[in-house]
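In what follows, a structure is listed as structure tokens, so that the remarks can point back to it.
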Amino acid sequence: MSRTQFLSLIALNAVLLAALALVSLSGSASAQQRQRGSYMLISSGVTGTPLSVVYVIDETNNELVALAWDDAGKKMSYVGYRNIAADSMQARRGGR
């Protein structure tokens with residue numbers, strides 16, 4: 001192995017070590033800041049359609065997700081999301 005190859009490998013290792021230190025010492029991602037949820041499921045039919053809907057409420061993070069089950073297509077699809085905390089704040093202020 002030549003001297004330039006050896007120095008190149010040392011430089012590459014130094015860069016990789018610096019990148020590893022940067023990733024390890026930086027703060028955690030915001031998605032990791034969420035608390036573990038406590039969930040409640042509510043099922044419902046939708047008037048006028050063959051769809052069944054499941055409302056998933058995360059009581060800890062005050063969020064709601066609606067999922068629809070299409071029995072003909074045998075698949076679940078996303079219907080909507082609501083931030084319950086933001087909705088209640090807006091309702092307290094008299095907004096819609």
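Where a number appears in this text, it was derived from the coordinates with a stated rule and is not lab data. Just so it is clear, the model here is predicted, and its values are computed rather than measured. Using ideal geometry, Cβ is built from the backbone for each residue, glycine included, and neighbour counts are taken over all protein chains shown.
Rounded to 0.05, the FRET efficiency of the residue 67 and residue 90 pair, given R0 = 22 Å and the Cβ-Cβ distance, is 0.35.
The convex hull around the C-alpha trace of segment 1-85, projected and averaged over every direction, spans 10.9 square nanometres.
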